[in-house]
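The values are calculated or read from the model by the stated rules, or taken from the named source; none is laboratory data. If you're wondering where the values come from, they're calculated on a predicted model, not measured in any experiment. Cβ sites come from the backbone with ideal geometry, for glycine too, and all protein chains shown count toward neighbours. Please note that ligands, DNA and RNA were not included when accessible areas were found on the heavy atoms of the full protein model with its side chains. Shrake-Rupley method; radii C 1.70, N 1.55, O 1.52, S 1.80 Å.
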Amino acid sequence: MSKKRKGVKSGLIVVFFVIVAAFAALIATNVTDHAENISLGLDLQGGFEVLYEVRPVEEGQVVNRDLLRDTVASLNARINVLGVSEPNVTIEGDDRVRVQLAGVSDQQAARELLSTEARLSLRDVHDNMLLDGSDLVEGGARQSFNPDTNAPIVLVTIDDADKFGDITSELKDLDPPENRMAIWMDFEEGDSYFEEILKEDSKIVSDPRVSQTLRTTDIMITGDFTVEEAQHLAGILNAGALPVELEEIYSNAVGASLGERAMDQAIFAGFIGIALIFAYMVIYYRFMGIMAIITLSIYIYIVLVVFNWMNAVLTLPGIAALILGVGMAVDANIITYERIKDEIRTGKSTMSAFRAGSRRSLSTILDANITTILAASVLFYFGTSAVQGFAVMLIVSILTSFLTAVFGSRLLLGLWVNSRILNNKPRMFGVKEDEISEL
Amino acid sequence: MNFDHETTKLDFIKHRKKFFIFSGVMVILSIVLLSTVGLNLGIDFKSGTTIDILTDAPPVSEAQIAAEFEEIGLVPDDITLAGDNNEIGRAVFIGVLNQSETLQVQSHFEEIYGNEPAVSNVTPMVGEELARNAIISVLIAAVGIIIYVTIRFEFTYGVSAIVALFHDALLILVVFSIFRFEVNIPFIAAVLTIIGYSINDTIVTFDRIRENIKLEKRVKDFNDVARVVNKSLVQTLARSINTVLTVVFAAGALFFFGGEALRSFSFALVVGLVAGTYSSLFLAAQLWLVLKSKQLEKQKKRPLQESEA
């Protein structure tokens, strides 16, 4: 056969290579940037997740959406104290708040920082309230050092110096231990100074002896603090007291090293799975299989970009959904290619077999994909965080696979078919000559 | 692979009663198993605490982990080893550990192995909600699928597809019940994926049946429908096998290389994929054939009765 066959449009093949080269260049230049930008979930990065049930702190207080929103706002303010870059605080159900902190190094501190209500109160030894959080100046707490001992302390500012002066002038004249002023965190009805002060993990931060009248707005809280603890306490006081009581009902702490291992293994498995699929497609569908590999590579890239752009959090089930999505994309290719092979076997020319096969496979792929999206949407709507991540990934995968495996594959294969270079070469499509029925 | 529907001797219809009996027996067996032995519910569905301890010197033994817990005065209800080299110890406590116990466990094992163990606490309320959500989701999805298929196809297709779907979901549950694999949140995601795959696979076959029915000049009785169904199944056979093979490649790679965390998930996927392919080849279309021929018989009788009256 001479190379200059009649009617071969080599221009279309040039277009094909230009498109493939453009995508290859695009993928090669920024795929690592996109891969690195994806925020990883708790199971991959390590971190900490707590589900709280919100209980009213005062009698008659009703837990409603507004109260939950206030709670989320104060929790977010507190997490800023910890310096977590991407906290995820969500309202769940009627009375739940889920806090997710990926990459937190000190989980114990985080847990304590979150669950304390931060209701500061000053009381006498008989537990009568002298001052409470409402007397504090907003944002007036700061970490400082005791001028006498250089120990880390917390300074809080109250709005009325006279009030504190009156309190201290009364206390200073009392006999010990009545002259002590207890600084409480999260005092609850029924707590008692004399019992609490003996406890190891006491709610009383400190109980200074009052020996003189202090007409000042600055109150010094000395405790057995490290600098960091003092900073956290100041931060919590500035963030404000929680409007509610938080009961921890579920917590999930993942050490990062466990997560990293799981991540590496899942990625390795993903590469093997995809390599197997690619090999099978080329062996079985020959030339069309190569088109499938190109579109599948573009598919994986687009899913990555879309996922990044959505700011979604990738979890282990999400990776599994991505690999499953590859399977769905392969299915769309297989359905089309089987149709084209069918048409070639009936004796149609390569070009008309391609056109008929593409057209007939479309409604099949459409119906199959829509039903799966339907199932994934239900998952997203009713699932919890991990299952939701999975569902998002699945929906993104299916939509992208429709774009690449249906339109992309058709465009690329169409360029070759319409160039007429594949005319009368059924073997390139995995069809043997003797399978073709005579017209 | 090439399955020519005119020359092939493959007959998916003749043995349909055997397929029905096989599936029927499987379903009955499933219900018996699930109601007696039940599932090995993971901590996601049970009140309690699991602690995953990654050790720095594999392999560890159950006794070693138990001894470490004894030192801090705790007795786990179950200890299993995980990881390729048994470097992960998993302790399960029925009943939730309180905050100070948890902190104690974390600091104790961090001191010994240099890794903070992963602690999961679950109250039954959370687990029950998860399970209920999953079941409700499946039911809603089933209704949605029936509605969609009824609009695009016909009601009989929808019913057959949903029967096949529940058949597949039940089969995964049974396999998990027999092998005592842990049922956790990713498992639920796997079951729901299989439901999606099962419906996807069934729709592709039904789509071909719908197309072939339109091409037929005469579809009047059981034999006509049976011929079309068999022809459609043979025509889509290569696609059914290729697709399930490629997805099994992906799920199988996850199972063998994806690590401990994804093992039960990927196992559920592989089992579900095989079940999904079986049900679309041997169950869904045959069921539709029975429903459709009943419908045709009714239509035949109705004008007859009217003319008699």
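The figures follow:
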{"read-out": "Those residues of segment B:243-260 for which accessible area with every protein chain present is at least 10 Å² below the isolated value (1.4 Å probe)", "value": "B:T243, B:L245, B:T246, B:V247, B:F249, B:A250, B:A253, B:L254, B:F257, B:G258, B:G259"}
{"read-out": "Linear extension gain, B:I21 paired with B:A63, 0.36 nm per residue minus alpha-carbon span", "value": "10.3 nm"}
{"read-out": "Cβ charges +1 (Lys, Arg) and -1 (Asp, Glu), total dipole of the protein assembly as shown, debye", "value": "8940 debye"}
{"read-out": "Principal-axis tilt of helix A:256-309 within chain A, Cα atoms, nearest 10 degrees", "value": "10 degrees"}
{"read-out": "Net dipole in debye of chain A [+1 Lys, Arg Cβ; -1 Asp, Glu Cβ; about Cα centre; nearest 20]", "value": "6120 debye"}
{"read-out": "Within chain A, longest stretch clear of exposed GluC sites (Glu not before Pro) (DSSP loop, no more than 12 other Cβ within 10 Å)", "value": "A:201-437"}
{"read-out": "Share of carbon and sulfur in the accessible heavy-atom surface of the protein assembly as shown [1.4 Å probe, %]", "value": "58 percent"}
{"read-out": "Whole-number accessible area per residue in Å² for chain A, which is evaluated in the context of all protein chains at 1.4 Å", "value": "46 Å²"}
{"read-out": "FRET efficiency estimate (nearest 0.05) - Cβ-Cβ, A:E200 to A:V306, R0 45 angstrom", "value": "0.30"}
{"read-out": "For segment A:404-411, Karplus couplings with θ = phi - 60° (6.51, -1.76, 1.60), whole Hz, Gly/Pro x", "value": "7, 6, 8, 7, x, 4, 5, 4"}
{"read-out": "Charge sum, other residues only, whose C-beta stays under 15 Å from A:Y285's C-beta, Lys/Arg counted +1 and Asp/Glu -1", "value": "+4"}
{"read-out": "Cα-based reach from B:K9 at 25 Å (exclusive), listing lysines while leaving out same-chain residues under 8 positions away", "value": "A:K341, A:K432, B:K17, B:K18, B:K214, B:K217, B:K220, B:K231, B:K292"}
{"read-out": "Positive minus negative residues near A:V305 (Lys, Arg vs Asp, Glu; Cβ under 15 Å)", "value": "-2"}
{"read-out": "Approximate spin-label separation B:E101-A:K425, in nm, with each point projected 7 Å along Cα-to-Cβ", "value": "7.1 nm"}
{"read-out": "Rounded to whole Hz, the Karplus (6.51, -1.76, 1.60) HN-Hα couplings of segment A:339-353, x for glycine and proline", "value": "4, 4, 4, 4, 5, 4, 5, 6, x, 6, 5, 3, 5, 6, 5"}
{"read-out": "Proximal charge balance of B:H108 [Cβ under 10 Å; K/R count +1, D/E count -1]", "value": "-4"}
{"read-out": "Eligible lysines near A:K203 by straight Cα distance, threshold 29 Å, same-chain separation 8 or greater", "value": "A:K163, A:K172"}
{"read-out": "For segment A:153-220 versus segment A:4-40, the gap between their alpha-carbon centres in whole angstrom", "value": "72 Å"}
{"read-out": "Sequence of A:F287, B:F181, A:F268 from largest to smallest accessible area, 1.4 Å probe", "value": "A:F268, B:F181, A:F287"}
{"read-out": "Coil-residue GluC sites (Glu not before Pro) of segment B:174-267, DSSP, other Cβ within 10 Å capped at 14", "value": "B:E216"}
{"read-out": "Extension gain from B:N223 to B:F179, taking 0.36 nm per residue of separation minus the Cα-Cα distance", "value": "11.6 nm"}
{"read-out": "Theoretical FRET efficiency, 1/(1+(r/R0)^6), r = Cβ-Cβ of B:E211 and A:D434, R0 30 Å, to 0.05", "value": "0.65"}
{"read-out": "Leading residue at positive end of dipole, chain A (Cβ point charges), from A:I421, A:V63, A:T371", "value": "A:I421"}
{"read-out": "Buried solvent-accessible surface, both chains (B, A), 1.4 Å probe, Å² to nearest 100", "value": "5800 Å²"}
{"read-out": "Relative contact order (percent, whole number), chain A, Cα cutoff 8 Å, 6+ residue spacing", "value": "20 percent"}
{"read-out": "Relative contact order for segment A:119-230, counting Cα pairs under 8 Å that sit 6 or more residues apart, in percent", "value": "34 percent"}
{"read-out": "Cα-centre dipole for segment B:124-277 with unit charges at Cβ (Lys and Arg positive, Asp and Glu negative), debye to 20", "value": "600 debye"}
